[in-house]
Amino acid sequence: MAQKASKTLAARNTSILLRTHLITLLLHALHLTLHFVFNRPQSLNPYYFLVLPTLAIEFYLDKIGRPTYATDGSGSGSSALRSPGEDLNAAGLTEYMWDVLYWTWGCIGAVCVFGDRAWWLWVVVPVYSVYLAYSTVMGVKGGLKGFGGGAGEGGEGVATGAESKRQRKMEKRGGQRMQYR
């Protein structure tokens, strides 16, 4: 039972990557079949422009998530797990890359059904990126507010204007007001 967590992660990553590659292959094959066999009046320029970055993301996820094995050299075909790969369900940038990949799959499906104008759905990706960047910057800015040398927005010190929730409740009930010296 040594390295059970690593083996579980390696098996999960392998299945996720296999499923991802199969879905990508099927969607691209469907799109290209509809384009070439049924002579749909579509340009392939948006397809190449919007799908190539997504393919790069997919192969990057494959590179970081693919488990590596070390063979023992005896020729018996057995191998030991060297590295399970990075967790493909991790939050942060990996999660964002999966979002872009899933959204592109949806756009390819929409293009197969509705035609070339469905590529405009891909505009959501940069808009979402701007929203995430803005919310991150505002969160960091809000978190750094307290580092202003003890002064609030109006410049007053902490001791003169700050009251805790407990102090406000006590004052509301008519209890003793805390006095600072």
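The values are calculated or read from the model by the stated rules, or taken from the named source; none is laboratory data. Predicted, not measured: the structure shown is a model, and the values here were computed from it. Glycine gets a Cβ as well: all are built from the backbone with ideal geometry, and neighbour counts include every protein chain shown. SASA here: full protein model, heavy atoms, side chains in, ligands and nucleic acids out. Shrake-Rupley method; radii C 1.70, N 1.55, O 1.52, S 1.80 Å.
The set of residues in the range 89-113 being under 13 Å from residue 46 (Cβ atoms) and either exposed (fewer than 13 other Cβ atoms within 10 Å of the Cβ) or within 21 Å of the chain's Cα centre (by Cα) (or both) consists of 104, 107, 108.
Just one of the listed residues (15, 6) is in contact with a Pro (Cβ under 8 Å, 6 or more places away or on another chain), open to solvent by 30 Å² or more (accessible area, probe 1.4 Å) and assigned to a helix (DSSP H, G or I), namely 6. Touching a Lys or Arg at 6+ places or on another chain (Cβ under 9 Å) and loosely packed, with under 12 Cβ neighbours inside 10 Å: does that describe residue 70? Yes. Looking across the range 30-42, the residues that are more than 27 Å from residue 95 (Cβ to Cβ) and either open to solvent by 50 Å² or more (accessible area, probe 1.4 Å) or hydrophobic (A, V, I, L, M, F, W, C) (or both) come down to 32, 33, 34, 36, 37, 38, 39, 40, 41. In this entry, residue 102 is excluded by the filter for residues that are more than 29 Å from residue 33 (Cβ to Cβ) and in a helix (DSSP H, G or I).
Pairs linking a residue in the range 130-142 that is open to solvent by 50 Å² or more (accessible area, probe 1.4 Å) to a residue that is assigned to a helix (DSSP H, G or I), with Cβ atoms under 9 Å and 6 or more positions apart or on different chains, are 132/96.
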